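Q: Here it is, the structure in full.
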Amino acid sequence: MKIRNHEIHPALLVVDMQNGFVSKGGSYDLMGLNVSKYSEVVPHLKRLISICRTIKVPIFYSQAVREESGIDLLTRSHRILPKSREERIKRRPICIRGSWDAEIVEGLKPSLDDHVVIKRRDSVFQDTEVEVWLRSLGIDSIIFSGIDTSICVESSLRDAFNHGYDVVLISDATASNNMDHYNSTLDNIRNYYGLVMNLQEFIANVE
């Protein structure tokens, strides 16, 4: 696959598209958070995943999970957290391992050929096996998608860049509840890290 006349060997990373964050009846929805921005990108993601499968681009999903015991909660390791994040943690256990809440949303389920990376912090690179898997497949570039654009997607993308990967963000296959934060992330990536393109631009590169 070529981008800007450079031959790349990419993988697609789908970040945290889980019931707890995206679906009606999931933890975010039950806490009164607006999940519509997240659910709106599902059709674009579905198409992006389908295209990547067709052209044999390896697909990785990140799945954020928590233990029922609470041993891995941020409140156990941090004494100074933004109030909004601390309150959200205390209100409801989100994406407990093995629960429906933690599952990838219907319509975007991984296939047997895809790879699921379990993570417990914002970045998919933090204390996971993802880099061993990427290196074993000869991956040199990562196409980013999923949620939340300015939190887990951006954290993972920055780590990928600093680990030596070229990075591309598909702008309409990612979402944030805060449009200022969403736009700030896109600007940061364009100016400092890699490429931002929409799905149609990505398809044009593939073709």
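Just so you know, all these numbers are worked out from the coordinates, no wet-lab data involved. Since we're looking at a predicted model, the values are computed, not measured. Please note: Cβ atoms are built from the backbone with ideal geometry, for glycine as well, and neighbour counts cover all protein chains shown.
Q: For the chain, modelled as a GNM with alpha-carbon contacts under 10 angstrom, which of L137, L186, L45 fluctuates the most?
A: Highest fluctuation among the options: L137.
Q: Once you charge only the Cβ atoms, +1 for Lys and Arg and -1 for Asp and Glu, what is the size of the charge dipole of the chain about its Cα centre, to the nearest 20 debye? Please list the in-between numbers first.
A: On the way: 25 positive and 28 negative charges, 85 e Å.
Once rounded to the nearest 20, the dipole reads 400 debye.
Q: Got a sec? Charge dipole of the chain, +1 on Cβ for Lys and Arg, -1 for Asp and Glu; which of L157, I51, Q200 is way out at the positive end?
A: L157
Q: How many angstrom separate the Cα center of region 50-69 from the Cα center of region 1-46?
A: 10 Å
Q: Over 23 Å, how big is the tail of the calculated P(r) for the chain, in percent of all Cα pairs?
A: More than 23 Å apart: 42 percent of the Cα pairs in the chain.
Q: Also, quick follow-up: Within the chain, how many Lys pairs sit with Cα atoms under 18 Å apart, leaving out pairs fewer than 8 places apart on the same chain? Numbers along the way, then the final one.
A: On the way: K2/K56; K24/K37; K24/K109; K37/K46; K46/K56; K46/K109; K56/K109; K109/K119.
For the chain, qualifying lysine pairs total 8.
Q: A follow-up question, please. Net charge within 12 Å of E103 by Cβ-Cβ distance, Lys/Arg positive one each and Asp/Glu negative one each, not counting E103 itself?
A: Neighbour charge sum, excluding E103 itself: -1.
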